Every structure is written in C-alpha cells, then in structure tokens.
Protein chains: 2
Amino acid sequence: MAARLGVVSVVQAIVKSLRARIFSGELAPGTPLGEVDVAAHYEVARPTAKAALENLVASGLLTRNAHQTARVTLLSSRDARDIYRTRAIIEAEAVRLLASKRQVPAAARDANAEITTLADASPIDIIDPDIRFHAALVQALESQRTSAIYAQLTDEIRLCMTHVQDATLLSTQDIAAEHARLLQLISEGEAAKAAKALEEHLQTASSKLAEHLESL
Amino acid sequence: MAARLGVVSVVQAIVKSLRARIFSGELAPGTPLGEVDVAAHYEVARPTAKAALENLVASGLLTRNAHQTARVTLLSSRDARDIYRTRAIIEAEAVRLLASKRQVPAAARDANAEITTLADASPIDIIDPDIRFHAALVQALESQRTSAIYAQLTDEIRLCMTHVQDATLLSTQDIAAEHARLLQLISEGEAAKAAKALEEHLQTASSKLAEHLESL
DNA sequence: AATACGGGAATTGTCTAACAAGTACACAAG
DNA sequence: CTTGTGTACTTGTTAGACAATTCCCGTATT
C-alpha cells in the first residue's frame with residue numbers, strides 16, 4: 001500500500017476540508033453552500049468548487065436540486081432509521097462470521113476500552129471510538145466492497161451525530177457495556193445471540209436518535 | 001412522486017448512454033475512454049465529458065488513475081467473488097424478512113416465470129429478468145439506502161455479465177428451479193433454509209463466474 | 001544483449017471568462 | 001386571496017489555455 005500523501009488533487013482537498021467542517025458542526029445541517037461561496041472561501045475556480053460539491057452530494061452529505069444551491073443534508077427521523085437499519089444488516093453479518101470463528105477483533109476491543117476511559121467526557125468524544133468499534137467488526141468480513149459501502153454509511157452516521165449536537169442520548173457506560181457483552185458473545189461462539197444483541201443495540205440507538213430528530 | 005422526464009442534464013444523458021453501451025458489450029472491459037474522445041463523440045465540451053466519466057468512475061464501471069485515461073473496468077475473479085459476497089449479505093437479509101412474513105413478492109414470481117419461458121433463448125436474455133428477480137427481493141426491505149446500495153451493486157453485476165459475454169455458465173432451467181425453490185421456502189416461512197438456499201445459489205454462480213474470469 | 005536514462009507526445013488537472021437556462025422570490029394586478 | 005410577471009441569483013455548459021504528470025520509445029551505457 002502506497003503511503004497516503006496529503007493532497008493529490010485540489011478537489012479532493014476541498015472535499016476533505018468540507019467534510020471535516022460538516023462533521024465538526026461548523027457547517028450545521030441546512031447551511032447553504034453555493035458554488036461561488038466555496039470557490040471564494042478556498043480561492044479556487046468555480047468549476048473546482050463545483051466538482052467538490054458534486055462529490056459531497058453523491059456521498060449524501062449535501063443535498064441539491066437542479067439549479068438550487070446545495071445545503072448540508074438535513075436528516076429526518078425516517079432517514080436515521082433507514083441508516084441504522086442498513087448498517088445493522090452489514091454489521092450483523094460481520095458479527096455472525098466473527099462468532100462462528102470465535103474471533104474477537106483486537107481493534108474493536110481497543111476501541112471499546114477507550115470508550116470506558118472516557119466515561120465522564122463530552123458525548124462528542126465517544127463518537128470516534130464508537131465508530132472505530134463498529135468499523136472493526138465490518139473489517140472482519142474482509143470484503144473490499146462491503147467496507148467501502150460501510151465507509152459511505154459512516155459518513156451519514158457522523159452526519160446524524162451533528163444533528164443531536166451535544167445532547168446525551170445514551171450513557172457512555174451503557175454503550176460500553178453493550179459492546180462488551182457483544183464481544184463476549186462473539187468469543188463464546190454464540191452467533192445468533194451476538195447478532196441479536198447487535199441489532200438491539202443499534203435499534204435502541206436508532207429509536208433515541210429518531211425520537212430526538214422528530215423533536216426539532 | 002414527480003414524473004420522471006427524459007433528460008434533465010447533458011452529463012446525465014451521457015452517463016446513461018455510456019452505461020448502456022458498456023452493458024451492451026459495445027464498450028468491452030479494458031476499452032479506453034479518453035475525455036476528448038467522449039467529448040468528440042457526443043459533441044460536448046471536455047469538462048462535460050469529464051464530469052460524465054467521473055460519475056462512472058465513482059460507480060465502478062470505469063477505472064482511472066491520476067493522469068491516465070479511463071478504461072472500462074476489468075474485473076478480476078477476486079472482484080467477482082467480492083461482488084457476489086456483498087450482494088449475498090443484502091439479499092439474505094431480505095429473504096429472511098420475507099420468509100418471516102411468508103410474503104412472496106409478486107414481482108419476483110413474475111420475473112422467474114419470464115425466465116422459464118426463455119428456456120431456449122440466448123443467455124443474454126435471462127440477465128434482465130434474473131436481475132429483476134433479485135431486485136424484487138431486496139425491494140422488500142423497504143429501505144431507501146439498501147436499495148440504492150443494491151442498485152449500485154447491480155451495475156457491477158451487469159459488468160460481470162459482459163465479461164463472460166455469451167458463455168453459458170449455468171443452465172436457464174437450473175436457475176429458474178433454484179429461484180422457484182427459494183420462493184417456495186419463503187412461502188413456507190423457512191427463514192433459515194431460504195437464506196441458506198439463496199447463499200448457495202449465489203455461491204455457485206460466483207464460483208462459475210470466478211472460474212471463467214481466471215481462464216482469461 | 002539487457003538495462004538505465006532522458007526526451008517528447010499525449011492525457012489529465014485546473015483556471016479564467018463568458019453565456020445560457022432554470023428557479024425562487026417579491027411585487028403587482030385581477 | 002389567487003394569479004401572473006419580472007427580476008435577481010444560482011447553476012449548467014461551453015470555449016480556450018496552460019501546467020503537471022504519465023507513458024512510451026529511442027538512445028546510450030554497462
């Protein structure tokens with residue numbers, strides 16, 4: 001694998017920057033991002049900004065109708081449920097495979113350990129290790145395309161997080177405990193129970209999230 | 001839902017045309033598609049052709065490295081296995097859901113009926129109904145994102161087909177019989193057996209396909 | 001003879017400038 | 001209050017140009 005250098009393309013650099021600004025909350029959902037504004041902000045030509053925006057529209061982070069300025073996607077509770085439903089399908093399969101081999105990914109264990117140490121930290125800080133935990137499970141499928149699809153889903157998952165901002169939907173301890181129980185079931189080879197535990201874990205998170213989105 | 005008119009964008013029209021030409025075999029895997037060539041062929045500006053090519057690269061139909069001309073993606077046997085592995089995850093979940101509700105999609109039944117009537121037709125003719133059969137299963141999940149992901153996968157599945165051209169990998173009758181058995185298991189509520197039948201169905205197709213790709 | 005090293009051709013990446021086409025909003029008229 | 005119109009703004013597309021990179025091939029060297 002070649003070393004990942006910083007910038008290979010101006011467009012990619014803008015995409016990367018915009019993604020970071022969206023995830024950080026600087027660009028809140030609903031914020032309009034016109035081509036000329038982006039071009040002026042990064043001091044590039046409009047076609048370059050246009051290409052970057054189209055990239056983000058394709059990945060779902062931005063939404064745009066023809067001849068209308070793009071906006072940071074405003075997710076509905078229905079979207080949130082759909083996203084979690086989709087990720088559950090992939091992750092459940094990964095968990096079944098892991099359990100059948102009684103193989104607990106080290107990366108998942110590490111990520112969850114990190115969550116436990118952040119018990120009294122800001123809710124935003126557990127987003128990253130939580131995502132790494134779930135990504136580590138999917139990684140076990142060793143499928144290039146499944147991982148790519150999940151990475152795309154991860155973008156939308158992070159976008160969900162920006163909608164709730166700093167509201168605490170679930171306690172950090174509960175999350176870590178459910179993760180630990182999931183890993184325990186995997187190590188015991190309980191494929192069906194592990195898959196069910198995962199689905200319930202995502203189901204509760206999805207419900208809390210959808211509930212919060214409806215209250216806006 | 002607003003009525004879908006023909007063309008809303010020149011870029012989309014070119015993308016649509018190129019997709020059709022790739023699937024039809026006119027543009028075989030490995031065929032180079034330069035920006036200037038495409039621009040000249042459709043009598044549009046190079047940036048327009050560029051945008052269309054980038055769209056197809058994003059969907060996996062074309063492959064391109066920086067500063068190199070795009071080519072119709074040449075799939076390896078490893079790719080084929082990965083594609084079928086990924087679709088199996090999604091379709092298996094759909095089949096489990098359908099079986100739990102003992103609900104056989106009418107569209108799937110119709111598509112398979114069409115396959116049986118095409119018993120002695122060209123292998124190319126069964127691609128369409130076969131894809132419709134499997135898409136009908138996924139449709140049952142009623143997940144916008146899962147369907148979108150599956151549609152993207154369908155592009156790569158069709159690309160697989162163009163690699164084998166007119167080679168007969170499986171008999172039409174066998175395919176129809178396996179489909180019929182799958183629907184039967186769904187109607188009986190045998191979720192686990194139905195999911196397993198589907199996975200085996202895809203597994204055999206995947207093996208035949210990968211075997212054929214390695215022989216090139 | 002095989003390999004390493006330039007040099008040139010071809011292709012893509014990006015920019016500037018401009019015009020065309022579409023949408024949304026405000027405002028006026030019925 | 002609804003309908004129609006017009007203007008401002010944004011995007012869609014085109015044209016031409018230059019820079020940067022890659023690939024290929026011929027040459028020179030070992």
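What residue, among those in the range B:137-188 that are more than 14 Å from every other protein chain (Cβ to nearest Cβ) and outside any helix (DSSP H, G or I), is nearest to B:V57 (Cα to Cα)? Among those residues, the one meeting the criterion is B:Q165. The set of residues from the range A:57-84 being touching a residue at least 60 places away in the same chain (Cβ under 8 Å), within 20 Å of B:V57 (Cβ to Cβ) and buried (at least 21 other Cβ atoms within 10 Å of the Cβ) comprises just one member, A:L61. Looking only at residues in the range B:32-67 that are part of a loop (DSSP other than H, G, I, E, B) and within 12 Å of DNA strand C (Cβ to nearest atom), the one that is nearest to the chain's Cα centre (by Cα) is B:R64.
Count of the range A:26-36 residues, restricted to those that are more than 14 Å from A:L56 (Cβ to Cβ) and open to solvent by less than 30 Å² (accessible area, probe 1.4 Å), is 1.
Considering the range A:117-136, and only residues there that are among the aliphatic types (A, V, I, L, M) and assigned to a loop (DSSP other than H, G, I, E, B), the residue that is farthest from the other protein chains (Cβ to nearest Cβ) turns out to be A:A119.
Looking at B:E93, B:E54, just one residue is within 22 Å of A:V57 (Cβ to Cβ) and acidic (D, E), and that residue is B:E54.
Taken as a whole, the condition of being touching a Lys or Arg at 6+ places or on another chain (Cβ under 6 Å) and surrounded by 14 or more Cβ atoms within 10 Å (Cβ to Cβ) applies to A:A39.
Residues being within 16 Å of DNA strand C (Cβ to nearest atom) and out of contact with any strand residue (DSSP E or B) (no Cβ under 6 Å at 6 or more places or on another chain): count how many of those fall in the range A:68-101. First the steps, then the outcome.
We begin by selecting, within the range A:68-101, every residue within 16 Å of DNA strand C (Cβ to nearest atom); these are A:68-71, A:74.
When the remaining residues are screened for being out of contact with any strand residue (DSSP E or B) (no Cβ under 6 Å at 6 or more places or on another chain), the result is A:68, A:74.
Residues meeting the conditions: 2.
Out of B:R109, B:R87, B:R102, one residue alone is at negative phi and open to solvent by 50 Å² or more (accessible area, probe 1.4 Å). It is B:R109. Comparison of A:E35, A:E54, A:E43 shows that the only residue that is on the phi > 0 side of the Ramachandran plot and modelled with pLDDT under 95 is A:E43.
Put simply, of B:R81, B:R109 the only residue that is within 11 Å of chain A (Cβ to nearest Cβ) and among the basic types (K, R) is B:R81. What tally of residues in the range A:27-77 results from selecting those that are near DNA strand D (Cβ under 8 Å from one of its atoms) and either within 11 Å of another protein chain (Cβ to nearest Cβ) or polar (S, T, N, Q) (or both)? Summing the residues that are near DNA strand D (Cβ under 8 Å from one of its atoms) and either within 11 Å of another protein chain (Cβ to nearest Cβ) or polar (S, T, N, Q) (or both) in the range A:27-77 gives 7. Would you be able to say whether some residue in the range B:153-162 is at pLDDT 95 or above and farther than 30 Å from B:T31 by Cβ? Scanning the range B:153-162 turns up no residue that is at pLDDT 95 or above and farther than 30 Å from B:T31 by Cβ. Set side by side, the residues A:L170, A:L213 differ, and just one is within 21 Å of the chain's Cα centre (by Cα), farther than 14 Å from A:I126 by Cβ and of a type in the set (A, V, I, L, M, F, W, C), which is A:L213.
Yes or no, residue by residue, for (1) open to solvent by less than 40 Å² (accessible area, probe 1.4 Å); (2) without any contact (Cβ under 8 Å) to a residue 12 or more places away in the chain:
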position	(1), (2)
B:H179	yes, no
B:Q184	no, yes
B:A195	yes, no
B:E211	no, no
B:S215	no, yes
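The values are calculated or read from the model by the stated rules, or taken from the named source; none is laboratory data. Fair warning: this is a prediction, and the values are worked out from it, not measured in the lab. Glycine gets a Cβ as well: all are built from the backbone with ideal geometry, and neighbour counts include every protein chain shown. What goes into the accessible areas is simple: the full protein's heavy atoms, side chains included, and nothing from ligands, DNA or RNA. Shrake-Rupley method; radii C 1.70, N 1.55, O 1.52, S 1.80 Å.
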